[in-house]
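Data block below; observations after.
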Amino acid sequence: MMKALALARKASGLTAPNPLVGAVVVADGKIIGSGFHPRAGEPHAEIFALREAGARAFGADLYVTLEPCNHQGRTPPCTAAIIKAKISRVVAGTLDPNPRVAGRGIEQLRKAGIKVETGLLEKECRRLNEFWNKFITTGIPFVTIKTAASLDGRIATRTGHSQWITNEKSRRYVHQLRAAHDAILIGIGTLLKDNPRLTARIPGEKPRNPYRIVVDSLLRTPLDSKIFGPDGRERVLLATREHDEKKIAPYRNLVRDILVLPCNNLGQLDLAELMKILGAREITSVLIEGGSEINGSALDNQIIDKICFFYAPILIGGRGSLGMISGHGAETIAQAQPLKDITIRNFDNDICVEGYLR
């Protein structure tokens, strides 16, 4: 199962709106076939593993990170291929939360006389597909918020200077996060200050660049912003409350779409509504890489699933320096949003704290 998990991770950021899946066929204690699902529309992991095993799959065991599908989607059902190959036992890391499957794949295998076991490395298999698990059950993308700060929680000095708070190793990991997510979201403040490209740059690799989403209530995004780049027409979305077509028109040929949204009762652009729209477009995960204001709006709108906070071993101080999260926030400590499943990682001297809000 550990091998199957490692195989599945090879397609990180490439399979949406499908899950990451790895599979291994084992006979007499040896791996005779392996595979992973590379992207939507291509064969599933089980099919690649069975093809490699060939006739040797007869009576063998199949280890797979996710319950095999039993329905016709972009590709035929995997259960039919498993039964045809005469596999004797299937070990699935976790059940499929997809309502179209949800145990039916295992049921079909058992009816065919195949022994089925579940729950091996279940936590790891569920974590592998945390983006997809939420999307397939709610239709809403999984949202991660990433920010980098000094040890006293400042993301910029009182003069606005912020590059670079964290070290190079931390920044390399952030590019891996970008490549793993379907979309990156920033606020207009970050765009005006930093003019970022928001591409995923990993040495030796050419990852798929995620969608870039700018939350720009009043459409102040400069028309020559780096975010548009050569693929802006396909990969950039602007979210705004601006209805004036004269203001909107200059952006029509620069972006994939302009999403006009309402404001919530705090006067903020309704990010919860934005997530619903993105989910309808099969965007399964969003990485928020903005500043204090967009972070605060995300918290106030209760759209955050996971945090990824980097802390550098420096102290910035200053009454006018920016904190990590602004917005409306909690009025009492009892109203503060708790985190669970905390993990702490070191990137040289930087500390990365990851945890979940729900």
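The values are calculated or read from the model by the stated rules, or taken from the named source; none is laboratory data. From a predicted model like this one, the values you see are computed outputs, not experimental measurements. So basically every Cβ, Gly included, is an ideal-geometry build from the backbone, and we count neighbours across all protein chains shown. Side chains included, ligands, DNA and RNA excluded: accessible areas come from the protein's heavy atoms. Shrake-Rupley method; radii C 1.70, N 1.55, O 1.52, S 1.80 Å.
Which residues, taken from the range 107-123, are assigned to a loop (DSSP other than H, G, I, E, B) and among the hydrophobic types (A, V, I, L, M, F, W, C)?
Residues satisfying the conditions are ALA112, ILE114, LEU120, LEU121.
Return only the number of the condition from (1) more than 30 Å from LEU287 (Cα to Cα); (2) open to solvent by less than 40 Å² (accessible area, probe 1.4 Å); (3) in contact with a helix residue (DSSP H, G or I) (Cβ under 8 Å, 6 or more places away or on another chain); (4) not in a strand (DSSP E or B) that LEU62 does not satisfy.
Single failed check for LEU62: (4).
Name the one entry in ARG208, ARG197 that is of a type in the set (D, E, K, R), in contact (Cβ under 8 Å) with a residue 60 or more places away in the chain and either open to solvent by 20 Å² or more (accessible area, probe 1.4 Å) or in contact with a Leu (Cβ under 9 Å, 6 or more places away or on another chain) (or both).
Result: ARG208 is the single residue among ARG208, ARG197 that is of a type in the set (D, E, K, R), in contact (Cβ under 8 Å) with a residue 60 or more places away in the chain and either open to solvent by 20 Å² or more (accessible area, probe 1.4 Å) or in contact with a Leu (Cβ under 9 Å, 6 or more places away or on another chain) (or both).
So, in the range 265-293, of the ones that are aliphatic (A, V, I, L, M) and in contact with a His (Cβ under 8 Å, 6 or more places away or on another chain), which residue ends up modelled with the lowest pLDDT?
Per the criteria, the residue is LEU266.
Quickly run through the range 215-241 and pick out the residues that are touching an Asp or Glu at 6+ places or on another chain (Cβ under 8 Å) and either more than 19 Å from ILE288 (Cβ to Cβ) or among the basic types (Lys, Arg) (or both).
LEU218, LEU219 - these are the residues of the range 215-241 that are touching an Asp or Glu at 6+ places or on another chain (Cβ under 8 Å) and either more than 19 Å from ILE288 (Cβ to Cβ) or among the basic types (Lys, Arg) (or both).
Check whether at least one residue in the range 84-106 is open to solvent by less than 20 Å² (accessible area, probe 1.4 Å), part of a helix (DSSP H, G or I) and among the hydroxyl-bearing types (Ser, Thr, Tyr), and report yes or no.
no
Which of the residues belonging to the range 250-293 are out of contact with any helix residue (DSSP H, G or I) (no Cβ under 8 Å at 6 or more places or on another chain), part of a helix (DSSP H, G or I), open to solvent by less than 50 Å² (accessible area, probe 1.4 Å) and over 23 Å from ARG197 (Cβ atoms)?
The answer is ALA272, MET275, ILE277.
Could you please find all residues in the range 35-59 being touching a helix residue (DSSP H, G or I) at 6+ places or on another chain (Cβ under 7 Å), open to solvent by less than 30 Å² (accessible area, probe 1.4 Å) and in a loop (DSSP other than H, G, I, E, B)?
Across the range 35-59, the qualifying residue is only HIS37.
Checking GLY317 against (1) of a type in the set (Gly, Ala, Ser); (2) part of a loop (DSSP other than H, G, I, E, B); (3) closer than 28 Å to LEU237 by Cα, only one condition comes out false. Which one?
Only one criterion is unmet by GLY317, namely (3).
Output the residue which, of all residues in the range 126-142 that are touching a residue at least 40 places away in the same chain (Cβ under 8 Å), out of contact with any helix residue (DSSP H, G or I) (no Cβ under 7 Å at 6 or more places or on another chain) and not aromatic (Phe, Trp, Tyr), is surrounded by the most Cβ atoms within 10 Å (Cβ to Cβ).
So the residue we want is ASN129.
Of the residues in the range 320-342, how many are part of a strand (DSSP E or B) and either among the acidic types (Asp, Glu) or open to solvent by 60 Å² or more (accessible area, probe 1.4 Å) (or both)?
The total comes to 4.
When the residues of the range 17-34 are narrowed to those that are under 22 Å from the mean Cα position of the chain (by Cα) and crowded, with 24+ Cβ neighbours inside 10 Å, which ends up nearest to ILE47 (Cα to Cα)?
Initial filter on the range 17-34 (under 22 Å from the mean Cα position of the chain (by Cα)): 17-23.
Narrowing further to those that are crowded, with 24+ Cβ neighbours inside 10 Å: 18-23.
On the way: ASN18: 15, PRO19: 15, LEU20: 14, VAL21: 11, GLY22: 10, ALA23: 9 Å.
Per the criteria, the residue is ALA23.
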